[in-house]
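Bear in mind these aren't lab numbers, they're just calculated from the coordinates by the rules spelled out. These numbers come from a predicted model, not from an experiment. FYI the Cβ positions are ideal-geometry reconstructions off the backbone, even for glycines, and counts take in every protein chain you see.
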Amino acid sequence: MAGSSHGHTPAAWTGVIIAFIGFCVAGTFMVAAQPVGFWVGMGVVLLGGVVGGVMRMMGLGQKGEHPVHQLATKS
């Protein structure tokens, strides 16, 4: 996979960072036995996926121009 740019886009980084923050929030509130905070953290995790998807639709995601993707579409 040398030279692959899989996941190295603003959309991917932003989505993962938001989801990671949500995971940390949910974990903290789970240990603190606070169910409302846990579910808020889980909502932030889902928000990360939505933000990443929207950014990808805006053109900030990976383009299908990589040779690996071109081979996959020819099969």
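Note on Leu46 and Phe20: the model spin-label points, each 7 Å out from Cα along the C-beta direction, lie 2.3 nm apart.
The protection proxy used here, the mean number of other Cβ atoms lying within 10 Å of each residue, ranks peptides 13-23, 33-43 as follows, highest first: 13-23, 33-43.
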